[in-house]
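**Q** What follows is a single structure, and I will ask about it in a moment.
The values are calculated or read from the model by the stated rules, or taken from the named source; none is laboratory data. These figures come from a predicted structure and were not determined experimentally. Here the Cβ is made from the backbone with ideal geometry for all residues, glycine too, and neighbour counts use every protein chain on show.
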């Protein structure tokens, strides 16, 4: 299948992709963004499409996985809820003076412990903490995915052991 045929067949799926994206997001603008991301990934990974008979299923899988990854990324971000009448705390920017001294000390201590990890453990852990996927970390560091996962696991284990006094 040539690149032009692939793009033509991909564009024929537009109506189906719109319906599926809207069923996942329930928001027209988010659905448009999801469709755009799906097209981009499908075009980027065209050479990985080997079964020429089921482009629709392949594209739908890309869309579903993209939606799930975006959802997980968004849920990891902390959400503040404010019960005040005027939503004062949500709209009020937090300054350095508002931070609790104990939490500032704990954050500094955690950062210090992370920086003391050996590079082979610290780098994958920090990349994962910044939101990179295992596969992206593996490609960046030229490692196997299993190696990346185990290093992140052992980093967590070491940090939990070193910081067990902060559990409360």
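**Q** Kindly check whether there is at least one residue in the stretch 64-85 that is within 24 Å of residue 25 (Cα to Cα), at pLDDT 60 or above and in contact with a helix residue (DSSP H, G or I) (Cβ under 6 Å, 6 or more places away or on another chain).
**A** Yes, the conditions are met somewhere in the stretch 64-85.
**Q** Just to be sure, is residue 165 more than 19 Å from the chain's Cα centre (by Cα), surrounded by 11 or more Cβ atoms within 10 Å (Cβ to Cβ) and modelled with pLDDT under 75?
**A** When the stated conditions are applied, residue 165 does not pass them.
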